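Here the structure comes first, spelled out in structure tokens, and everything after it is commentary.
The values are calculated or read from the model by the stated rules, or taken from the named source; none is laboratory data. The shown structure was predicted, so the numbers you read here are calculated from the model rather than taken from an experiment. Neighbour counts run over all protein chains shown; Cβ positions are idealised from the backbone, glycine included.
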Amino acid sequence: MSKTLVEKILGSHLVSGEPKAGHEVGLRIDQTLTQDATGTTAFLLLEAMDVPRVRTEISVSYVDHNLSQFGPENHNDHLYLQSIATKLGAYHSRPGNGICHQVHLERFARPGKTLIGSDSHTPTAGGMGMIAIGAGGLDVAVAMGGGPFYTAWPKVIGVELTGQLRHWVAPKDIILRLLSILTTRGNVACMVEYYGEGVATLPVPARATVTNMGAELGVTTSVFPADQTTREFLAAQGRADHYMPLQADDDARYDRIYKKMHVEKDAAAIANLRTHGKNVFVGPTDDEGRCEVAFDGITIDLSELEPLAAGTPSPDNVRAVADLAGTKVSQVAIGSCTNSSYQDLMLAAHVLKGRTVHPNVELGIAPGSRQVMSMIAANGALADLVAAGARILESGCGPCIGLGFSPAEGTVSLRTFNRNFAGRSGTKGDMVYLVSVETAVAGAVTGEITDPRRLEKLDIRYPLIQPPEQFVQDDGMIQPPAKKADAGKIKVVRGSTIVKPPSGQVTPDPLDGVVLIKVGDKITTDHIMPAGSALKHRSNVPAYAQYVFDCFNEADRPTFAQRALEVKARGRCGVIVAGDSYGQGSSREHAALCPMYLGVGAVIAKAIERIHQANLVNFAILPLTFADGRDYTRIDPGDELVIQGVTAAILSADSVTVRNRTQGFDFECDLSLAPRQRKILATGGLLAYTRVGGQ
């Protein structure tokens with residue numbers, strides 16, 4: 001029977017469950033990665049499981065997020081991670097070595113392997129032919145301890161690439177086009193698989209750009225085949241022996257995808273789907289203004305793509321750069337795990353060589369890794385960037401997560417990043433456009449949004465950047481794990497800000513709750529748990545919990561945290577009510593862990609995104625979805641909600657009845673859980689479940 005690439009890799013790692021779409025399966029995990037913003041919690045939870053040694057083939061602890069070190073918190077985390085990783089058998093990538101996804105692609109990713117990481121952009125390694133999945137830190141801790149990773153067997157969205165990109169059109173434009181078609185919603189329990197003649201025209205870093213930003217689709221992961229291009233990249237990294245050819249069978253069949261789309265809000269996406277989709281069917285409109293859309297896959301002709309940009313507040317708010325031309329730009333940032341490769345920075349350097357950044361623009365460039373920094377320093381490209389007026393930022397996440405380089409009020413910032421949620425840059429009311437390096441550097445030169453194809457009229461020729469035959473290979477900033485015999489000699493460094501995370505509790509029956517907040521559609525984990533300056537508290541849940549829903553706090557009333565703790569003190573549960581696509585974005589488990597600490601017992605939403613739903617279960621918060629989305633409008637903040645028979649419902653029911661005691665009506669909610677998730681909730685969370693021997 002013919003198979004897709006996804007089916008081949010997942011099938012070779014299947015340890016439990018039925019390989020049927022929607023069914024929960026357990027997968028053997030070969031590699032894990034953590035980063036410092038999530039890694040401290042993950043390793044603390046691993047310690048709580050009494051696991052003496054990492055049991056994966058490779059686990060790597062990266063430090064790339066909290067690098068600013070204002071106060072002791074960040075450095076405390078770094079020292080803890082360095083010592084605990086070395087002791088428990090993981091590699092440790094030190095501060096300054098680069099962004100986890102870029103470094104992992106360079107030094108560890110291998111075709112055909114499985115990887116989970118406590119960062120939502122772990123699918124970057126799908127550009128290498130891996131099944132690489134973002135997950136909560138607790139799931140990663142279980143995998144480090146040798147346990148399987150559980151997820152739904154996916155439907156596979158086949159994306160056929162034909163043709164070849166024209167000059168000044170970039171790999172970033174591929175994923176922006178796909179986002180304009182699929183949007184950020186309704187793609188849960190799917191994986192994207194790229195195939196077709198166009199794949200061979202894309203180098204591995206270009207493929208990684210596409211799979212990296214595929215996280216914004218809400219799919220579980222995205223993957224490219226491993227081919228001769230993959231082989232050449234690995235050989236240039238000194239890892240030729242890690243190559244294995246992988247591709248779908250010639251007659252592989254991809255799944256027919258069904259999803260709900262809003263006729264008015266998603267009008268452009270539906271139009272794009274009609275253009276690029278295969279066998280598209282659009283059904284009638286229902287009472288909520290939605291229609292069912294079905295399609296057999298998508299075709300993107302690379303030769304017909306044009307430069308694209310996604311404007312605040314969502315990565316799927318995509319427009320042609322030509323339509324935005326002339327908009328004044330005050331800031332340009334090139335970097336992040338999406339676009340900070342050697343080829344990306346060399347392109348920017350070639351365009352800027354002998355020129356000066358526009359006087360009204362600040363340009364910041366963050367190389368993705370020490371390898372990239374070393375290579376552009378050695379060949380003179382770094383000097384060209386500096387001479388042009390670029391500010392060279394640290395090889396880390398920085399501006400992408402709101403840590404520095406925030407734009408001024410009322411100004412436009414072009415960024416080669418993957419997310420532009422409102423305020424994520426660190427500036428309220430920001431106007432951030434996600435663009436390719438080509439479009440970003442065009443804006444830096446001209447001072448306005450410019451279709452990079454028009455640079456030819458300024459006598460700027462498109463630079464053809466060839467992949468290097470040999471990358472610099474210096475792993476001096478990657479600390480190997482201690483030998484097992486020496487692990488006992490290593491002292492784990494625990495600063496005062498490293499606080500043991502709380503465990504979940506069994507959901508009370510009945511659940512007597514109070515609606516603490518009601519939020520709208522597409523609420524991200526950034527909205528729930530901000531990054532930026534608050535990120536340094538990640539290792540101290542009681543401190544970090546004070547920032548839950550900080551963007552919704554009002555000056556003249558108690559904060560969300562204060563209201564939640566008051567309800568908790570009365571022996572009742574907090575309830576969060578939300579619209580569609582709740583919890584999209586980052587994998588940050590603190591968006592479940594901190595609300596759990598504050599006493600939140602349930603989330604009721606129109607839809608909950610995959611990673612966040614798993615994190616809610618892991619920390620024993622009941623994830624419910626409205627059976628009828630119109631009931632969302634009937635609930636107000638402060639309403640008292642009661643659910644009877646919670647214990648029995650968790651064990652076996654697919655729905656529950658919720659009583660709005662304040663307003664005197666009942667409504668139905670769906671409780672869609674896999675059998676293992678039901679056991680986790682019944683036990684009081686994944687940590688408790690693992691302690692009693694659950695798998």
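Brief remarks follow.
- Of residues in the range 646-681 being in a loop (DSSP other than H, G, I, E, B) and among the polar types (S, T, N, Q), the one surrounded by the fewest Cβ atoms within 10 Å (Cβ to Cβ): Gln663
- Filter pass, Val575 being under 19 Å from Leu681 (Cα atoms), among the hydrophobic types (A, V, I, L, M, F, W, C) and modelled with pLDDT of 95 or more: yes
- Consider the range 77-98 and keep the residues that are part of a loop (DSSP other than H, G, I, E, B) and touching a Pro at 6+ places or on another chain (Cβ under 9 Å). The one that is surrounded by the fewest Cβ atoms within 10 Å (Cβ to Cβ) is Gly89.
- The condition of being assigned to a helix (DSSP H, G or I), farther than 17 Å from Leu681 by Cα, of a type in the set (Val, Ile, Thr) and free of Cβ contacts under 8 Å to residues at least 40 places away in the same chain holds for Thr633.
- Against the test of being touching a strand residue (DSSP E or B) at 6+ places or on another chain (Cβ under 9 Å) and of a type in the set (Phe, Trp, Tyr), the options Tyr433, Tyr462 yield a single qualifying residue, Tyr433.
- Helices (runs of 4 or more DSSP H) wholly inside the range 316-406 that include at least 3 residues being surrounded by 21 or more Cβ atoms within 10 Å (Cβ to Cβ): 342-352, 370-378, 381-388
- Residue in the range 400-421 that is without any contact (Cβ under 8 Å) to a residue 60 or more places away in the chain and under 26 Å from Gln35 (Cβ atoms) present: yes
- Selection of the range 110-133 for residues being over 14 Å from Asn618 (Cβ atoms) and part of a strand (DSSP E or B) yields Thr114, Leu115, Gly117, Ile131, Ala132, Ile133.
- Of all residues in the range 185-199 being surrounded by 24 or more Cβ atoms within 10 Å (Cβ to Cβ) and more than 22 Å from Leu673 (Cα to Cα), the one that is nearest to the chain's Cα centre (by Cα): Val192
- Failed item in (1) free of Cβ contacts under 8 Å to residues at least 24 places away in the same chain; (2) touching a Gly at 6+ places or on another chain (Cβ under 6 Å), with Ala620 passing the rest: (1)
- Failed item in (1) free of Cβ contacts under 8 Å to residues at least 40 places away in the same chain; (2) buried (at least 19 other Cβ atoms within 10 Å of the Cβ); (3) closer than 18 Å to Ile604 by Cα, with Ile643 passing the rest: (1)
- Of all residues in the range 384-402, none satisfies being over 30 Å from Arg424 (Cα atoms) and basic (Lys, Arg).
- Test: Tyr194 is touching a residue at least 40 places away in the same chain (Cβ under 8 Å) and not small (Gly, Ala, Ser): no
- Counting only residues that are closer than 23 Å to Gln613 by Cβ and either under 15 Å from the mean Cα position of the chain (by Cα) or assigned to a loop (DSSP other than H, G, I, E, B) (or both), the range 140-184 holds 9 of them.
- Once the range 479-514 is narrowed to residues that are out of contact with any Lys or Arg (no Cβ under 7 Å at 6 or more places or on another chain) and outside any loop (DSSP other than H, G, I, E, B), the residue that is nearest to Ile643 (Cα to Cα) is Leu511.
- If only residues of the range 276-315 that are farther than 28 Å from Glu197 by Cβ and over 28 Å from the mean Cα position of the chain (by Cα) are counted, the one that is surrounded by the most Cβ atoms within 10 Å (Cβ to Cβ) is Val282.
- When Thr56 is tested against (1) crowded, with 18+ Cβ neighbours inside 10 Å; (2) modelled with pLDDT of 95 or more; (3) out of contact with any Asp or Glu (no Cβ under 8 Å at 6 or more places or on another chain); (4) farther than 22 Å from Tyr544 by Cα, exactly one condition is not met: (3).
- Of all residues in the range 613-636 being among the small types (Gly, Ala, Ser) and crowded, with 23+ Cβ neighbours inside 10 Å, the one that is nearest to Asp580 (Cα to Cα): Ala614
- Total residues in the range 444-465 satisfying the condition of being crowded, with 18+ Cβ neighbours inside 10 Å, under 22 Å from Ala387 (Cβ atoms) and over 30 Å from the mean Cα position of the chain (by Cα): the figure is 4.
- Within the range 417-438, restricting attention to residues that are polar (S, T, N, Q) and within 18 Å of His527 (Cα to Cα), the residue that is surrounded by the fewest Cβ atoms within 10 Å (Cβ to Cβ) is Thr427.
- When residues of the range 55-76 are limited to those that are part of a loop (DSSP other than H, G, I, E, B) and among the hydroxyl-bearing types (Ser, Thr, Tyr), the one nearest to Thr32 (Cα to Cα): Thr56
- Members of the range 578-611 that are under 15 Å from Leu671 (Cα atoms) and either of a type outside the set (Gly, Ala, Ser) or not in a loop (DSSP other than H, G, I, E, B) (or both): Gly601, Ala602, Val603, Ile604, Ala605, Lys606, Ile608, Glu609, Arg610
- Complete set of residues in the range 383-409 that are within 22 Å of Arg94 (Cα to Cα) and among the aliphatic types (A, V, I, L, M): Ile392, Leu393, Ile401, Leu403
- Lone unmet requirement of (1) over 19 Å from Pro154 (Cα atoms); (2) crowded, with 19+ Cβ neighbours inside 10 Å for Leu27: (1)
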